[in-house]
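This report refers to the structure that appears directly beneath it.
The values are calculated or read from the model by the stated rules, or taken from the named source; none is laboratory data. Because the structure is a prediction, the values reported are computed rather than measured. Using ideal geometry, Cβ is built from the backbone for each residue, glycine included, and neighbour counts are taken over all protein chains shown. Ligands, DNA and RNA are stripped out before the accessible areas are found, and what is left, the full protein with its side chains, is counted by its heavy atoms. Shrake-Rupley method; radii C 1.70, N 1.55, O 1.52, S 1.80 Å.
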Amino acid sequence: MTITTIADVVRTHAAERPDAPALEVGGRSVTFGELDARSNQVAQALRASGVVAGQRVAFIDKNGLEWFEVTFALAKLGGVNVAVNWRLAPAEMAQIIDDAGAE
């Protein structure tokens, strides 16, 4: 399988080596198979909430597994993750979100 999109990264590795570690987060290992399944679940939830291809979605959180799940989920939907630093002041966050056209 050829990797041509961000979504293909997790899909390809999950298909070819599902039990291989994809991430180490907080002392916990997540396999490519698990990351693919979890990002599929997030993608379904985002789609159910109205997210469509081309849409930018702001994501504000500390660094962790969730960033990867949301990023791959949005890529699977054709959306874009606008990652916003959680340490910023609310006004700074709002400026980034507005400038990116994110929701």
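Key figures
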| read-out | value |
| --- | --- |
| Whole-Hz ³J(HN,Hα) from phi, Karplus 6.51 cos²θ - 1.76 cosθ + 1.60, for segment 74-88, glycine and proline x | 5, 4, 5, 8, x, x, 10, 8, 9, 6, 10, 5, 5, 7, 6 |
| Positive-end extreme of charge dipole, the chain - chosen from MET1, GLN95, VAL80 (charges on Cβ) | MET1 |
| From phi via Karplus (6.51, -1.76, 1.60), per-residue ³J(HN,Hα) for segment 18-35 in Hz, x at Gly/Pro | x, 8, 6, x, 9, 9, 10, 10, x, x, 10, 9, 10, 7, 4, x, 5, 5 |
| Accessible carbon and sulfur surface of segment 4-79 relative to its total accessible area, %, 1.4 Å | 52 |
| GLY79 long-range amide H proximity, modeled H, under 5 Å | GLY54 |
| Value of Rg/Rh across the chain [Cα atoms, Kirkwood radius] | 1.00 |
| Separation of the ARG28 and LEU88 label points, Cα + 7 Å toward Cβ, nm | 2.7 |
| For the chain, share of DSSP beta bridges that run antiparallel, in % to the nearest 5 | 40 |
| Within the chain: Cβ-based charge dipole about Cα centre, in debye rounded to nearest 20 (Lys, Arg +1; Asp, Glu -1) | 120 |
| In sequence order, calculated HN-Hα J values of segment 92-103 (Karplus, 6.51, -1.76, 1.60; Hz; x Gly/Pro) | 5, 4, 4, 4, 5, 5, 5, 4, 7, x, 8, 10 |
| Surface per residue (accessible, 1.4 Å probe) for the chain, Å² | 60 |
